[in-house]
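The values are calculated or read from the model by the stated rules, or taken from the named source; none is laboratory data. Just so it is clear, the structure is predicted and the values come from calculations on it, not from any experiment. Note: ideal-geometry Cβ built from the backbone for every residue, glycine included; neighbour counts use all protein chains shown.
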Amino acid sequence: MPLHRVAVVAGDGIGPEVMAEALKVLAAVAVPGQLEFALEEVEAGAACYRRTGEELPRETLEACQAADAILFGAAGLPDIRFPDGTEIAPQLTLRIALDLYVGLRPIRLHPGVPTPLRLAASDRIDYVILRENTEGLYASRGAGVLVGGHVATDTLVVTRPGVLRICRQAFELARRRPGAPRDRVRRVTLVDKANVLKSYAFFRALFDEVAADYPDVQAEHAYVDAMTMYLVQRPGYYDVVVAENMFGDIISDLAAATVGGLGMAPSGDIGDHHGLFQPSHGTAPDIAGKGVANPLATILSAALMLEWLGRRDGDDVAAGAARRIETAVDAVTRAGRVLTPDLGGPGTTAAVGDAVVAALASA
């Protein structure tokens, strides 16, 4: 299938700036008759809400439903909120509307990217966090209870079908990942708080049930508080990590800090029929319009999109383009000449995108 229909949502803040560079890279890997993209730019986010009263217009939702994939920039602004005080987040609405239950967060230290960790020369950081995207504490979004200005409650939701499907995805991913941790043991680590809360004990019991079907993959557990320490102390140990929605949100940001920050953190929100790909960072309104935002997370998210399309559709050209983008990003970070200020460089957003395109052309 050489033509892929992609709904493009640039969003707010730095979203349009980083999206422009990702689209530049997609154009560079396109091959007439073999890998082509039909891009439909649609609107969602805080600015859209301020102007129209809708964070996710019906036309945008329909375009996302009809597309082969969604490429998303960033949405939400701190000074534009719903009446209940929460921020505009159409990406969360899309997770529920399209049942994007897998939150895929690759954590990889690219060559030349600074890390605050002290790593030996032989150490590497290359693992994946799977965040359950549709349940957990986030299931209460828009549905929590505030009583008389004195009591507020949000309910953490854990269902058997929801846990089983995210755990199966975690073990399947561990089986197909091209590499393994430094000890060469393929493993899936569940992050929970099963020693305190019944919901997490239930999650753990279902995880163990799924693990029994994958005897070739090591299964283990870690409490979330300890895991925040382990990801700093021994990041090279991990392969696939799976967690409830809120815990997955928190540990994926911590993990991103070890590989250069959120500007180096791509993500995918994936379901059985739809996929949305976006950088893990927010809209960063303090640097919007200054041309210094790091576009690499968005470019790597576009690569994730191509990898997913390639696997879903049996499209070897798309899968190959994903690998080419990863290699080009490695070349740019390894050279270190054109990096944005968050990575200690003098480069602009556009210059980094141009450097990735040049690396693609010279490969």
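Take the residues in segment 46-81 that are in contact (Cβ under 8 Å) with a residue 60 or more places away in the chain and assigned to a loop (DSSP other than H, G, I, E, B); name whichever of them is surrounded by the fewest Cβ atoms within 10 Å (Cβ to Cβ). Checked segment 46-81; the qualifying residue surrounded by the fewest Cβ atoms within 10 Å (Cβ to Cβ) is Pro78.
Tell me, which residue of segment 84-93 that is closer than 13 Å to Glu55 by Cα and either among the polar types (S, T, N, Q) or not in a strand (DSSP E or B) (or both) is farthest from the chain's Cα centre (by Cα)?
Of everything passing the filter in segment 84-93, Thr86 is farthest from the chain's Cα centre (by Cα).
Here's the yes/no breakdown for (1) of a type in the set (A, V, I, L, M); (2) modelled with pLDDT of 95 or more; (3) in contact with a His (Cβ under 6 Å, 6 or more places away or on another chain):
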residue: Leu23; (1), (2), (3): yes, yes, no
residue: Ala27; (1), (2), (3): yes, yes, no
residue: Gly33; (1), (2), (3): no, no, no
residue: Ala44; (1), (2), (3): yes, yes, no
residue: Glu62; (1), (2), (3): no, yes, no
residue: Phe72; (1), (2), (3): no, yes, no
residue: Leu77; (1), (2), (3): yes, no, no
residue: Arg81; (1), (2), (3): no, no, no
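Within the set of pairs 6+ apart or on separate chains, which have a first residue in segment 145-165 that is modelled with pLDDT of 95 or more and among the hydroxyl-bearing types (Ser, Thr, Tyr), a second that is part of a loop (DSSP other than H, G, I, E, B) and surrounded by 12 or more Cβ atoms within 10 Å (Cβ to Cβ), and C-beta atoms under 7 Å apart? Final answer for the pair search is Thr159/Glu135. Note on segment 158-187: among residues that are within 21 Å of Phe203 (Cα to Cα) and more than 22 Å from the chain's Cα centre (by Cα), the one that is surrounded by the fewest Cβ atoms within 10 Å (Cβ to Cβ) is Pro161.
The set of residues in segment 12-28 that are among the acidic types (Asp, Glu) and not in a helix (DSSP H, G or I) contains only Asp12. Where strands (runs of 3 or more DSSP E) fall wholly inside segment 130-237, the ranges with 3 or more residues that are farther than 28 Å from Gly85 by Cβ are 187-192, 218-223. For segment 30-45, filtered to residues that are part of a loop (DSSP other than H, G, I, E, B) and in contact with a helix residue (DSSP H, G or I) (Cβ under 9 Å, 6 or more places away or on another chain), the residue that is farthest from Ala284 (Cα to Cα) is Gln34.
For segment 198-219, the tally of residues that are touching a residue at least 24 places away in the same chain (Cβ under 8 Å) and surrounded by 14 or more Cβ atoms within 10 Å (Cβ to Cβ) stands at 12. Apart from one condition, Thr283 fits all of (1) over 30 Å from Ala66 (Cα atoms); (2) among the polar types (S, T, N, Q); (3) part of a loop (DSSP other than H, G, I, E, B); the exception is (1).
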